[in-house]
Each structure stands twice: as structure tokens, then as C-alpha cells.
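Peer 1: Sending over a structure as C-alpha cells; questions will come in a sec.
Quick note: the coordinates plus some simple rules give every number you see, no bench work behind them. All values reported here derive from a predicted model rather than from experimental measurement. Here the Cβ positions follow ideal geometry from the backbone for every residue, glycine too, while neighbour counts run over all protein chains shown.
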Amino acid sequence: MKWGVVAHGGAGSPSSLSDGPAAAAAAAGRLLGGGGGAVDAATEANRVLEDDERFNAGTGSVIRMDGVAYMDAAVMDSEEGCGAVAYLTRTRNPVLVARRVMETPHILLVADGALDFARKCGFGDYDPQTERSRSRLEKGLLDFKNGKRPEWPRNWKHYEVDTVGAVAMDARGRFAAAGSTGGTFPALRGRVGDIAMIGCGIYAGRNGAVAATGIGEEIIRKVLSLTVYRFMEEGMSPQEAVDRGISLYDRSVSVGIIAINRDGTGIASTTEMAAAALTD
Ligand code: ASP
């Protein structure tokens, strides 16, 4: 395998939406086939999915209970390090902002600081809400009103997932991972998920790249992307490594993982998950 890319549309996304990740992988594949870098490819795959309003990232991100969409995104390159944003509002493509953070001395910018940085980089203000995301919020709030959700968040069953992510390997053998999300619903104000926490939602190193999706708190507890990366370093194939990662969870926990190394690609999840892989 000279180059490869895997993209996903989030744990819980129906496989009928696989055309989304397939289009994202195709866009990344065009870059990789033309000699482009893994980090550009992984970023581009996320950008395509952020612009696809059916997924919970960028346009169409989950709206939290205060009526605002707060977005997290991260990018990691096996040689150039990583960059992330959390709790970012009013931005069309958080993954592009995370990519720019990677070029600064910092790793993570949050909230107003992240928005200021995005503006300074020339990204215009943008409302990521859609009719669909607004009606999902209305339905979620109604569930609360009707007592279908307990008040105390520890008992909340998160049900909005559909985050996006991608991993890539370029022809020079570099690896990258990127992810973008509107987070879960319900969530307390101020909640940040796994995507912005390097090693949890994404990880890339000299021996491969991994991206995770699902309930962020569960992913963080197991530092899942780094854990699966280590499985590959121990000699597992990407498919064996993601299967092993998934086996760490009860089937009732919504989690998905994608991975790539020089030997191939891997995709696994406890729930349905729209995903696509493309290699040269
Ligand atoms: N992991 C994301 C989060 O918890 C959600 C998802 O993957 O869909 O923010």
C-alpha cells in the first residue's frame, strides 16, 4: 500500500450515509494520489464531512441546551505535532482552525480565544445551525420536559453522536489523524469531549494513525486512540487493533474506531457507523 485513507461519519451514523465518508475519502485520495501529505488529506476529509450537514461537525453540529453549537476539532501529524480547538462557536470549518493551531507554539485553544484566533487567521463568522439541528434540539428538550431524561447528568444517556474523523498515510510514509465534532447531547455547559484531547479522540505517530468516535467520556477514560496505536506497535494489524479497542467496551457503549498503518486499514464499532476506506 503506497497511500491510504479511512473516513468515518461517527458512531451511530447509519451505513446509509456511507456516501458521506466515501466522498471525504475520495477527496483525500485525490490529494494523496497527487503526492499530497497525510495531514492535508486527513484535514480535507474532515472538511468535506463538516460541510455535509447530515453529520455532527461543522455545519449541522449538535446544538447544546443553551441554543449554541460548540465545536471541537483536532489534527495530528506524525512529524509536525498536533493542534486542536475546543468549545469553538460561529466557525464553518473547525478542523481548518485546528490545523492552523498546529502551526503555532500551542496545542489547544478554547472558546473565545479559539474564535479570536480563527478570526485572526481570516476565517469569517458562520452560523453552523441548520433546520435539522434545530429540530433535533427541540426534540431533545421535549424529552427532558416529558421526564424521559433524568436531571442528574451522570445518568444521562448521550444520544447525539455522528462526529466525523479520518486517518491517512501518504506516499512518503507519513501518518495523520483528524477529527471534528459538535459533541454529545445532552451535555452541561462547558463540556469538552475526547476530540480535543490528543491521544483520546485522535493519535498519529511514525507507525500509524487512529481516530475514535462515540461517547467522549468513555473514550477519554481509556485514552483510546493512543491505546489502539500501541496495539499496532505491538504487531497487531489495524483491523486487529481496532477490534481489540472495541473489545474494551460493553456493547451498550457507543464507540467506533478507525486506524491505518503501512499494512492496511481497520474499521470497527459497537454500533452502526458510516465509514469508507480508500487505498492506492
Ligand atoms: N466523541 C464525540 C464527543 O464525545 C462525539 C462523537 O464521537 O460522536 O464529543
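Peer 1: What does the charge dipole of the chain about its Cα centre add up to, to the nearest 20 debye, if the Cβ of each Lys and Arg holds +1 and the Cβ of each Asp and Glu holds -1?
Peer 2: 460
Peer 1: State the Cα centre-to-centre distance between the range 65-103 and the range 241-271 in whole Å.
Peer 2: 23
Peer 1: Using a simple spin-label model with points 7 Å from Cα along the Cα→Cβ vector, what separation in nm is obtained for residue 233 and residue 106?
Peer 2: Going from the residue 233 label point to the residue 106 one covers 2.8 nm.
Peer 1: Quick one: if you stick a label point 7 Å off each Cα along the C-beta vector at residue 126 and residue 146, how many nm between them?
Peer 2: Taking the two extended label points, one gets 3.4 nm.
Peer 1: Using only alpha carbon pairs under 8 Å that are at least six residues apart, calculate the relative contact order of the range 19-133 and give it in whole percent. All intermediate terms of the calculation are to be shown ahead of the outcome.
Peer 2: Values: 211 pairs, mean separation 25.0, N = 115.
The value is 22 percent.
Peer 1: Among 258, 63, 220, whose mean-square fluctuation peaks in a Gaussian network model of the chain (Cα, cutoff 10 Å)?
Peer 2: Result for the chain, Cα springs under 10 Å: 220 fluctuates most.
Peer 1: For the modelled label position 7 Å from the Cα of residue 79 along Cα-to-Cβ, which residues of the range 204-218 have backbone nitrogen atoms closer than 15 Å?
Peer 2: 205-208
Peer 1: I would also like to ask the following. Taking the Cα centre of the range 204-277 as origin, work out the dipole magnitude from +1 charges on Lys and Arg Cβ and -1 charges on Asp and Glu Cβ, in debye rounded to 20. Let's see the in-between values first.
Peer 2: Values: 7 positive and 9 negative charges, 35 e Å.
That gives the range 204-277 a dipole magnitude of about 160 debye.
Peer 1: Kirkwood hydrodynamic radius, computed over distinct alpha-carbon pairs, for the chain: how many Å, to one decimal? Spell out each step's value before the answer.
Peer 2: Values: mean 1/r = 0.0559 Å⁻¹.
Result for the chain stands at 17.9 Å.
Peer 1: Before anything else, pin down the relative contact order of the range 1-79: Cα pairs under 8 Å, at least 6 apart, normalised by residue count, whole percent.
Peer 2: Values: 85 pairs, mean separation 18.0, N = 79.
Rounded, it is 23 percent for the range 1-79.
Peer 1: How high is the FRET efficiency from residue 252 to residue 51, r the C-beta distance, R0 35 Å, rounded to 0.05? Each step should come with its number before you reach the end.
Peer 2: On the way: r = 32 Å, r/R0 = 0.92.
Using R0 = 35 Å, I get an efficiency of 0.65.
Peer 1: Continuing with this model, one more query. Taking neighbour Cβ counts within 10 Å as the exposure measure, how do 96, 142 sort from fewest upward? Provide the component values of the computation, followed by the final result.
Peer 2: Values: 96 22, 142 10.
Going from sparsest to densest Cβ surroundings: 142, 96.
Peer 1: On to the next question. Positive end of the dipole of the range 193-280, charges at C-beta (+1 Lys, Arg; -1 Asp, Glu), about the Cα centre: which of 277, 200, 238 has its Cα farthest in that direction?
Peer 2: Final value for the positive-end residue is 200.
Peer 1: Among 266, 235, 205, which one shows the biggest mean-square fluctuation in a GNM of the chain, springs joining Cα atoms closer than 10 Å?
Peer 2: Comparing 266, 235, 205 in the GNM, the peak value goes to 235.
Peer 1: Considering the Cα trace of the range 162-231, what is its radius of gyration and what is Dmax, both in angstroms?
Peer 2: 12.5, 43
Peer 1: In nm, to one decimal, how far is the modelled label at residue 134 from the one at residue 217, with both set 7 Å along Cα→Cβ?
Peer 2: 3.0
Peer 1: Can you tell me how much longer the chain between residue 263 and residue 16 gets when fully stretched, taken as 0.36 nm per residue apart minus their C-alpha distance, in nm with one decimal? Spell out each step's value before the answer.
Peer 2: Numbers: separation 247, 0.36 × 247 = 88.92 nm, distance 2.80 nm.
Computed gain between residue 263 and residue 16 is 86.1 nm.
Peer 1: Taking every eigenvalue of the Cα gyration tensor of the range 83-131, multiplying by 5 and rooting it, what semi-axes result, largest first, whole Å?
Peer 2: Ellipsoid semi-axes (Å, largest first): 18, 10, 9.
Peer 1: At a 10 Å Cβ-Cβ cut-off, how would you order 53, 131, 44, fewest neighbours first? Spell out each step's value before the answer.
Peer 2: On the way: 53 18, 131 9, 44 27.
By the 10 Å Cβ count, ascending: 131, 53, 44.
Peer 1: For the range 20-105, what mean projected area does the convex hull of the alpha carbons give, in nm²?
Peer 2: Details: hull surface 23.4 nm².
Value for the range 20-105: 5.8 nm².
Peer 1: Write down the Kirkwood hydrodynamic radius of the range 209-280, to one decimal in angstroms, obtained as one divided by the mean of 1/r over all alpha carbon pairs. If you can, show how the numbers build up before the last one.
Peer 2: Working: mean 1/r = 0.0835 Å⁻¹.
So the Kirkwood estimate lands at 12.0 Å.
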